[in-house]
Amino acid sequence: MAKYTLCVNNRYFGVDIGDEEFLKFLEENSQSDFTHECVGEKELVIAYVKKTSELYEKEQQIKQLLERLELNLRKD
């Protein structure tokens, strides 16, 4: 198990991550989401809302694809 460390307002928080691929993904996204190694509360909230918005959009796209697949399967 690896540890991901996030610095918020000069306080460090360690999170155990069991999936190495997810840890790599998290680290890469952190670099694009945050401009500094240690972030402020506002920057963290903005990144959270942005990621939640992206997740919502992807879930909507998945729902639309599933609906189309169901329609196509019913036609056959």
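The values are calculated or read from the model by the stated rules, or taken from the named source; none is laboratory data. In this text, all values refer to a predicted model and were calculated from it rather than measured experimentally. Heads up, the Cβs are rebuilt from the backbone with ideal geometry, glycines too, and the neighbour counts pull from every protein chain shown.
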What number of residues within the range 34-76 satisfy the criterion of being of a type in the set (S, T, N, Q), in a helix (DSSP H, G or I) and under 30 Å from ASN10 (Cα atoms)?
-> 2
Does the range 1-33 hold any residues that are of a type in the set (Phe, Trp, Tyr), touching a strand residue (DSSP E or B) at 6+ places or on another chain (Cβ under 6 Å) and in a helix (DSSP H, G or I), and which are they?
-> none
Inspect the range 54-62 for any residue being at pLDDT 95 or above and among the polar types (S, T, N, Q) and give the result as yes or no.
-> yes
Could you list, in sequence order, all residues of the range 31-76 that are hydrophobic (A, V, I, L, M, F, W, C) and more than 30 Å from TYR4 (Cβ to Cβ)?
-> LEU65, LEU66, LEU69, LEU71, LEU73
Within the range 30-46, residues surrounded by 10 or more Cβ atoms within 10 Å (Cβ to Cβ), in contact (Cβ under 8 Å) with a residue 12 or more places away in the chain and of a type in the set (D, E, K, R) come out as ASP33, GLU37
Residues located in the range 2-29, provided they are over 18 Å from TYR48 (Cβ atoms) and surrounded by fewer than 12 Cβ atoms within 10 Å (Cβ to Cβ) = LYS3, ASN10, TYR12, GLY14, ASP16, GLY18, ASP19, GLU20, GLU21
